[in-house]
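Here's the structure, in structure tokens; my notes come after.
The values are calculated or read from the model by the stated rules, or taken from the named source; none is laboratory data. Model, not experiment: these values are computed from the prediction. Quick reminder, even Gly has a Cβ in these numbers, built from the backbone with ideal geometry, and neighbours come from all protein chains shown.
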Amino acid sequence: MMNFTTHNKKFLFNLVAILFWLAVWQAIYLVVQNNILIPAPLEVFSRLRELVLLKSFWLNIIFTIYRVFVGVCLALALGTFLGILSGVNRFCYELLSPLVVAVKSTPIMSFIIVALVWFGSQNVPIFICFLIAFPIIWTNIQEGITNVDRKLLEMAAIFQVSKLMILKNIYLPEIKPYFISGFLTIIGLGWKATVTAEVLSLPVHAIGSRLYDARVFINAVDLFALTLAIIGISMLLENIIIRLFVNLRGRKINSAN
């Protein structure tokens, strides 16, 4: 009963917050009285409903999600591998650390411009998503390896435990929270970076390309509707992934019991 009440309260607070900001939006619209600058909320939601019914809208969304998926998977694979190497090998860490710092410090717009020269418009968003996600995963995995309990490693060495067992029973449990934290972080960042890259690279099927079209034709209603769709899908993806992790953790606990 307590959980149900808490859930209701959370839902109510979220609803009040949404209604509050919608009221602020409506108030700004009434003050400005200019659809080019601030379109009416009702117009935007009406347009969003029309877009949701279009096949082309979902095609754009699917292609954008695909680019995020590929970029994130590449970052997870390479970032995890090099993060482990950097955690166990000081030379590897010193070699990669300046590169990671440079990637973190460079504005995303610079990378997009360079990528437009290197790749086709279809692959630029994937490359940008990878660049944004890789340093986060690399840093998290490297820190996880570095923070492994040295006493456990010394004990494993004394008892001549195999490297495979050390990796499975010492390193992996230690880096798991770092990996999950990094993964959840790069989903949101990767989505935003991919859409940003699409706005500039203009792939054929992309939600970012539709944002660019709305700007070129000074269509504020479409611009706001697409932005709401982007925010909504980003939140949906993050929630789905979080729930998957929670369910997997719950199953492991139940199976252990």
Residue check: is V44 surrounded by fewer than 16 Cβ atoms within 10 Å (Cβ to Cβ) and hydrophobic (A, V, I, L, M, F, W, C)?
no
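With more than 23 Å from the chain's Cα centre (by Cα) and exposed (fewer than 11 other Cβ atoms within 10 Å of the Cβ) as the only criterion, which of V221, V216, V161 stands out?
V216
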Only one residue in S105, S97 is loosely packed, with under 10 Cβ neighbours inside 10 Å, in the same structural domain as L184 (by TED's automatic domain parsing) and among the hydroxyl-bearing types (S, T, Y). Which one?
S105
Considering residues that are outside any helix (DSSP H, G or I), at negative phi and not acidic (D, E), the number found within the stretch 138-195 is 5
Which ones in the stretch 145-160 are more than 16 Å from I84 (Cα to Cα) and of a type in the set (D, E)?
E154
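Of the residues that make up the stretch 210-218, is at least one at pLDDT 85 or above and not in a helix (DSSP H, G or I)? Explain how you work it out, then say what you get.
Within the stretch 210-218, the subset at pLDDT 85 or above is 210-218.
From the residues that got through so far, the ones that are not in a helix (DSSP H, G or I) too are 217-218.
Taking every residue of the stretch 210-218 in turn, at least one turns out to be at pLDDT 85 or above and not in a helix (DSSP H, G or I).
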For a quick check of your reading of the model, give me the residue pairs whose first member lies in the stretch 225-245 and is within 17 Å of T196 (Cβ to Cβ), whose second is of a type in the set (D, E, K, R) and surrounded by 12 or more Cβ atoms within 10 Å (Cβ to Cβ), with beta-carbon atoms closer than 7 Å and at least 6 apart or on different chains.
L226/R210
Within the stretch 28-121, which helices (runs of 4 or more DSSP H) (wholly inside it) include 3 or more residues that are under 21 Å from the mean Cα position of the chain (by Cα)?
55-88, 90-105, 108-118
